[in-house]
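Here the structure is laid out as structure tokens; the discussion comes afterwards.
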Amino acid sequence: MKQKLRIAVADDDEQMRSYYRQILTDIGHEVIAAAENGQELVDGCRENRPDLVITDIQMPDVDGISAVIEICREEPLPVILVSAYHDENLLQRAALECILAYLIKPIKRHNLETAITLAMQRFRQFQSLHQEANDLRQALEDRKVIEKAKGIMMKRAMLDEPTAFRRLQKLASDKNLKLVALALQIVTADEAFK
């Protein structure tokens, strides 16, 4: 069973907004915001926190791409762009990480369903990759702190590297601390005595 998504839509044409409300409800989703311009879309996304955004590009005041840039600056969301035109300049502007599909009007139900499915799958993949990259960055930072603490232990207690590391591990275990938390305490204390 597919997930019921909370979707924000934007189009300056009332008939398109009605079409989205009808077709998205028919395929099992909920339209939580239906904006007629980019600023309304930004405000609607801030207020309602949708799972997916479907927006026209050409709208008065703030266009769809500018609105998406602002929305995704605050919180990444999967986005499907819609246009009545196939325009290379628009495609270049649309090459943002959060824009995961581009549909040309008129939009048929099966094209919209396919775009939604692919956009959500790709978004989950991107989120997973971002989390993995963040975890790796954090592990590297933790490793640097542990290495620094080990160096302090080697210097202050005149220990070789394996012994200093084992002592750090034992002390962390005895104090019921993560190794990186203990290492941070050692580094902080060492800086205080300099």
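Every number here is computed from the coordinates shown, using simple stated rules; none is lab data. As the structure is a prediction and not an experimental result, all values here were calculated from the model. Every residue, glycine as well, gets a Cβ built from its backbone with ideal geometry; the counts of neighbours run over all protein chains shown.
Quick look at the numbers
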item: For the stretch 155-165, 3J(HN,Hα) per residue [Karplus equation, 6.51 cos²θ - 1.76 cosθ + 1.60, θ = phi - 60°, Hz, x = Gly/Pro]; result: 6, 6, 9, 6, 10, 7, 4, x, 5, 4, 5
item: Dipole of the chain [Lys/Arg +1, Asp/Glu -1 at C-beta], most positive-end residue of A84, V145, S128; result: V145
item: Candidate lysines - alpha carbon under 28 Å from K155, same-chain residues fewer than 8 apart omitted; result: K144, K170, K175, K178, K194
item: Charge tally in the Cβ shell below 14 Å around D26, where Lys, Arg are +1 and Asp, Glu are -1, D26 excluded; result: +3
item: Among I23, L159, G64 - extreme Cα towards positive end, dipole of the chain, charges at beta-carbon; result: L159
item: Dipole in debye (nearest 20) - the stretch 133-192, about Cα centre, beta carbon charges: Lys, Arg +1; Asp, Glu -1; result: 140 debye
item: Prolate/oblate/rounded call for the stretch 6-107, Cα gyration tensor, a/c under 1.5 rounded; result: rounded
item: Helix 179-192 vs. the chain, principal-axis angle (Cα, 0 to 90°, nearest 10); result: 70 degrees
item: With Cα atoms, 0 to 90° folded angle of helix 38-48 axis to the chain main axis; result: 60 degrees
item: Under 5 Å, built H, 5+ apart or other chain: amide partners of D51; result: R6, I7, A8
item: Rounded, prolate or oblate (a/c below 1.5 giving rounded, otherwise prolate when a/b exceeds b/c) for the chain by Cα gyration tensor; result: prolate
item: Separation in nanometres of the label points that stand 7 Å from Cα toward Cβ, at L118 and R143; result: 3.7 nm
item: ³J(HN,Hα), Karplus 6.51/-1.76/1.60, whole Hz, each residue of the stretch 26-33, x for Gly, Pro; result: 4, 8, x, 10, 10, 8, 9, 8
item: ³J(HN,Hα), Karplus 6.51/-1.76/1.60, whole Hz, each residue of the stretch 52-68, x for Gly, Pro; result: 8, 10, 10, 9, 6, 8, 7, 9, x, 6, 9, 6, x, 5, 4, 4, 5
item: V82 long-range amide H proximity, modeled H, under 5 Å; result: T55, D56, I57, L103
item: Size of electric dipole in the stretch 1-135: Cβ of Lys, Arg +1 and of Asp, Glu -1, about Cα centre, debye, nearest 20; result: 620 debye
item: Ellipticity estimate at 222 nm from DSSP helix runs (n ≥ 4, -39,500 (n - 2.57)) divided over the chain, nearest 500; result: -20500 deg cm²/dmol
